[in-house]
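Right, one structure below, let's go through it.
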Amino acid sequence: MYTYTIPEEQTEKLTEKTKKYSDLLNQFKEVDKKYQPATDEIKLQKKSFEMPTEQEIKKQADSSLEEYKKSELQNIDDDYNTKSTVIDEKIKSETQSLDNKKDETKELYTNLKDNASKDAIKRGLARSSIVINILDAFDKNMVKEINKINEEIQSKVSSLNSQKDLLTEQRQSALNAFDISYALKLTNKIDEINKSLAEQEQKVIEYNNQIAQKEAEYEQKRQKSNLEYAEYIAKHGTDAIDEMKREEKFNYAKDYLMSLPKSDAIVELNTNTALNSELGAKYFNKLRTIINSLKEE
């Protein structure tokens, strides 16, 4: 089955003609708009700005310093915990060392008493007051040595605990110093945010003022144009306006038709009722005369 295909060149010409006619209709609309009172009001989009509350600004500042705060406090705790652990290990080590020393002392005096008792038994002096006094002296000396070691343990542990107390005081001093430093940083950050917000607000105000000025200028021009239009109508009547509209449309229509081959232009005049309606008889006939006078291409 044969299928008819429109030649590409013919299709392009048709597309071009359609676009030209669409442009002509738009030109007619612009002419109509030009010769009527301006009714459109301009409403440009303005920007809005809402200033955050003091609490919201402080929260934002706190949030921006959160990592700094966390890091600084962690450093203080890490330093305290490291040094505190060292002291705890020393207390444990010293206590264990002196406990071992006590055990060694007890073992020493126990051996001395055992040896003295065995020697007394061999010599038949097991119940001798001298031997009893010697054994009693061993016990007293052992107690004395043990007490001395206990005092040494208490002294060293007390000294180390004092160092730990000092560490606690130093940690608290560091925390207090950080609180002061952080408060200053927070104040500076709040000032920085407030400055930035003030700049943003000022930009919005300036932008909205420009918008308001443009709207006022447009409204002033619109009212002036409408006043001039009303004065012209009062002086010349609406027929004068219609005449100017048809004349401008005539010029646009002439340009359109003269851009077409004469045969196409004549077809347009004979079939396009919109041209007659837009131009009126006077200018439509004038246009027909011009087109008919053209030479064939």
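The values are calculated or read from the model by the stated rules, or taken from the named source; none is laboratory data. Predicted model, so just to flag it, every value in this text is computed and none were measured. Don't worry about glycine lacking a Cβ; one is built from the backbone with ideal geometry, like all the others, and counts go over all protein chains shown.
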* Cross-chain or 6+ apart pairs with Cβ under 8 Å, region 176-189 first and under 16 Å from E67 (Cβ atoms), then β-branched (V, I, T) and surrounded by 12 or more Cβ atoms within 10 Å (Cβ to Cβ) -> F178/I76
* Asked: Hey, does region 211-226 have a residue that's over 30 Å from K46 (Cβ atoms), surrounded by 13 or more Cβ atoms within 10 Å (Cβ to Cβ), touching a residue at least 40 places away in the same chain (Cβ under 8 Å) and aromatic (F, W, Y)?
  -> no
* Could you list, in sequence order, all residues of region 48-66 that are more than 29 Å from S173 (Cβ to Cβ) and in contact (Cβ under 8 Å) with a residue 24 or more places away in the chain? => S48, F49, M51, P52, I57, Q60
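Residue under question is A240, and the condition is that it be assigned to a helix (DSSP H, G or I) and either at pLDDT 90 or above or within 39 Å of the chain's Cα centre (by Cα) (or both); does it hold? Outline the logic, then answer.
Numbers: assigned to a helix (DSSP H, G or I): yes; either at pLDDT 90 or above or within 39 Å of the chain's Cα centre (by Cα) (or both): no.
Criteria not met by A240.
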* **Condition met for I180 (at pLDDT 80 or above and of a type outside the set (S, T, N, Q))** => yes
* Consider only pairs whose beta carbons are under 7 Å apart and that are at least six residues apart or on different chains; among these, list those whose first residue lies in region 67-81 and is in the same structural domain as Q172 (by TED's automatic domain parsing) and farther than 15 Å from Q170 by Cβ and whose second residue is assigned to a helix (DSSP H, G or I) and not hydrophobic (A, V, I, L, M, F, W, C). => K69/Y182
* Asked: (1) aromatic (F, W, Y); (2) part of a helix (DSSP H, G or I); (3) modelled with pLDDT of 80 or more: which one isn't true of F49, the others all being true?
  -> (2)
